[in-house]
Amino acid sequence: MRKQCLTRALTILAVLCFAAHVLPAQDLFEIKFTDKLNVKYKGLLVIFNDSKMYMRVAYNAENMYKVVNVDYKSEHGKTDGSEYLVLLGSNPKFITAAGQYGYNPDHIIFLENQEKPYLTDDANDTSKLLHADSFRALTKQDINDAYLREFYSSTEPDYLALRKMFGIDLSTLRLKPNVNTNTPGTTMHLIIAANTNIGDIGMSCSRDQSSLTAEFKGIASSLGISYKQYLINGDNFTKAAVQNTLNSLYPGTNDIVIFVYRGHGFRWNDQQGAWPQLDMRSSPYTRIGDNTALDLDYVFKTIKAKGGRLNIVLGDCCNSTIDMPSPLTGSEFLAMQANNNYNDSKLRDLFMNYKGNLMATAASPGEVSWANNANGGFFTVSFLQSLREEISYMRDDAADWRDLINNTVTGARRKSSKGVCSNCTLQNGIYHYDVTGK
């Protein structure tokens, strides 16, 4: 059986110098591997987000069928100039009888140009590095009750949640409209101001704009409510355009208003408030002045005064002095992105049974907010990840906006940490929360 060794696999990664493999967006993956003693293992990897996941590992040993649960988190970095992705295993717990031997958690290593990952339970011995027999994303066609029972007992909450979840079409992330659940008299207003023309971060802003519009349009469709979209981008990305949009906004008392800013942000040298100034310039050659700067707090107060039931204002931008460098990184921070299939009752509760006002921004005063062209802003993607997790079948607690925004801030902070993004400085988002259940 395996020797106990809890050392990370990072020593091996110093030898295997390749760029990080990027996992496709799915909830469930299957991995099969065989150890040096010819024991065959079958793992079911369940992903919530890039720092929260687990794998059930099933195998036969000691004339027993064994299942063990291993917790995972992802870690990214560079070695000799190349990036890597490793899933670090910890906290193994037997679901079935353990037998005489324990289980040392496997670390899973993804390398460029390798469809199948490597595994190891001993980072000090490169001869123990295993190449997986197979690795695949699972779809609805792969899952049935017999498959789930290979890894779960019939009374486990996750087993019951997965059975419900696979009643949803897992081949797509688009949220399906529900029949006979329309909520008349409610409209979702989505306002996005995205600096898509700016040279340094324009591509990441475009990526976030596409992700946000697809997400909230799907949510409105699922809830059976009306949807209105207001895009302020390209050549129309100006302070006047935002103000005109807000001035012409007349939400009903049961409506939802969501405002998201994606672009540069800054602080005046004598500014006292914590919230950033939105930089409404699409060219760095335009001088910063009162006609190009917009206070996020002004946006929040203006929307709040409109009288909608639920108002969400998000600013994914820097909150530092204007002489800071461009906060764009090449790091593939989001190599692991979960797309949790949603629980309709939680989705409905989150958007239809709460009221109040929420404002959040990606960085504290003096900090920059990070992004990359491939994935978008750390804060925006963390928000979408947290939203998906909050309404997932796999969450056994009620959907809650405070949990969602806390997880957003935590997720963006982790993505900007040295263990994940080697050239980033830490960003610590801040928020104002005044939201209650309906």
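The values are calculated or read from the model by the stated rules, or taken from the named source; none is laboratory data. Just so you know, these numbers come straight off a predicted model, no measurement behind them. Counting neighbours? That spans all protein chains shown, and the Cβs are built from the backbone with ideal geometry, glycine included. Accessible surface areas use protein heavy atoms only, side chains included; no ligands, DNA or RNA. Shrake-Rupley method; radii C 1.70, N 1.55, O 1.52, S 1.80 Å.
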Over 14 Å [Cα-Cα, the stretch 220-300], rounded percent: 67
Additional length obtainable on full extension of the chain from Met64 to Arg163, 0.36 nm per residue less Cα span: 33.0 nm
Length added when fully stretched, Ser153-Lys301, from 0.36 nm per residue minus Cα-Cα: 48.2 nm
Net charge contributed by nearby residues that have their C-beta within less than 10 Å of Asp50 (K/R +1, D/E -1): +3
Extension reserve of the Lys140-Asn291 stretch, reckoned as 0.36 nm per residue once the Cα distance is removed: 49.1 nm
Heavy-atom accessible area ranking, 1.4 Å probe, most first, across Lys128, Lys301: Lys301, Lys128
Hull-based mean projected area of the stretch 190-241, where the convex hull spans the alpha carbons, in square nanometres: 3.6
Tyr101 accessible area, assembled protein chains, probe 1.4 Å, Å²: 100
